[in-house]
Amino acid sequence: MRQDARLRPEKPTEPEPLDYEIIEQLFFAYRDFTGDPDVILEKRGFGRAHHRVLHFVDREPGMTVADLLDTLNITKQSLARVLKQLIDGHYIQQVAGPEDRRQRKLYTTREGKTLARALAAPQSRRIAEALARAGPGARETVIRFLTAMRNHDEA
């Protein structure tokens, strides 16, 4: 007797293999990559959010608050406290836009540039050492890999 297809139990599917080795390596790499700057930030009472803001403002002088919100993919409320602390600490300067005075353009001050570079230096050294150990062509491969890891609408 033929059984109705709707009543047959579904054939179990194999679950996707989980790449625990790479997942764990990413966890450990992130921990160590952020650990060096964390020590510098802690001395100033800052955290990783301050680091991200300082990094992107230093890399793109004159970016607007709206640009920064888009880059970091955070809310205005999340940014407000961190940005205020960086401005009050004289690490970032806020300037009204030339055409639209409501627009706020952001720049790192001399002290902000110094801190941004002090935070990036140990990270850059760590990257250079890892790329040297990984061998020829590693930088391009890593860039492709990390770009592919990002959400496609951001990459």
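Say whether the condition of being free of Cβ contacts under 8 Å to residues at least 24 places away in the same chain and either surrounded by 13 or more Cβ atoms within 10 Å (Cβ to Cβ) or among the hydroxyl-bearing types (S, T, Y) (or both) is met by at least one residue in the stretch 145-154. Within the stretch 145-154 (the criterion being free of Cβ contacts under 8 Å to residues at least 24 places away in the same chain and either surrounded by 13 or more Cβ atoms within 10 Å (Cβ to Cβ) or among the hydroxyl-bearing types (S, T, Y) (or both)), the answer is yes, since at least one residue qualifies. Applying the criterion of being closer than 18 Å to L72 by Cα and not in a helix (DSSP H, G or I) to the residues of the stretch 104-127, the residue that is farthest from the chain's Cα centre (by Cα) is R104. Comparison of R81, R48 shows that the only residue that is at pLDDT 95 or above, open to solvent by less than 100 Å² (accessible area, probe 1.4 Å) and basic (K, R) is R48. Inside the stretch 72-103, can you point out the residues that are outside any helix (DSSP H, G or I) and under 23 Å from I40 (Cα atoms)? G89, H90, Y91, I92, Q93 - these are the residues of the stretch 72-103 that are outside any helix (DSSP H, G or I) and under 23 Å from I40 (Cα atoms). Candidates in the stretch 128-144 are the residues that are open to solvent by less than 70 Å² (accessible area, probe 1.4 Å) and outside any helix (DSSP H, G or I); of these, the one that is farthest from A29 (Cα to Cα) is G137.
Does L69 satisfy being more than 22 Å from I40 (Cβ to Cβ), in contact with a Ser or Thr (Cβ under 9 Å, 6 or more places away or on another chain) and either acidic (D, E) or assigned to a helix (DSSP H, G or I) (or both)? Yes. Taken as a whole, the condition of being open to solvent by less than 20 Å² (accessible area, probe 1.4 Å) and either closer than 16 Å to G47 by Cβ or in contact with a Phe, Trp or Tyr (Cβ under 7 Å, 6 or more places away or on another chain) (or both) applies to L119. Give me a count of the residues in the stretch 100-144 that are of a type in the set (K, R) and touching a residue at least 60 places away in the same chain (Cβ under 8 Å). Looking only at that region, the number is 1.
One line per residue, one yes/no per condition, for (1) out of contact with any Asp or Glu (no Cβ under 6 Å at 6 or more places or on another chain); (2) over 24 Å from R150 (Cβ atoms); (3) touching a residue at least 40 places away in the same chain (Cβ under 8 Å):
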| site | (1), (2), (3) |
| --- | --- |
| P15 | yes, yes, no |
| F28 | yes, no, no |
| I40 | yes, yes, yes |
| R52 | yes, no, no |
| L69 | yes, no, no |
| V95 | yes, yes, no |
| P98 | yes, yes, no |
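Count of the stretch 29-45 residues, restricted to those that are of a type outside the set (D, E, K, R) and open to solvent by 100 Å² or more (accessible area, probe 1.4 Å), is 1.
The values are calculated or read from the model by the stated rules, or taken from the named source; none is laboratory data. Just so we're clear, the structure is a prediction, and the values are computed from it rather than from any experiment. Positions of Cβ are backbone-derived with ideal geometry, glycine not excepted, and every protein chain shown enters the neighbour counts. These area figures cover heavy atoms from the full protein model, side chains too; ligands, DNA and RNA do not enter into them. Shrake-Rupley method; radii C 1.70, N 1.55, O 1.52, S 1.80 Å.
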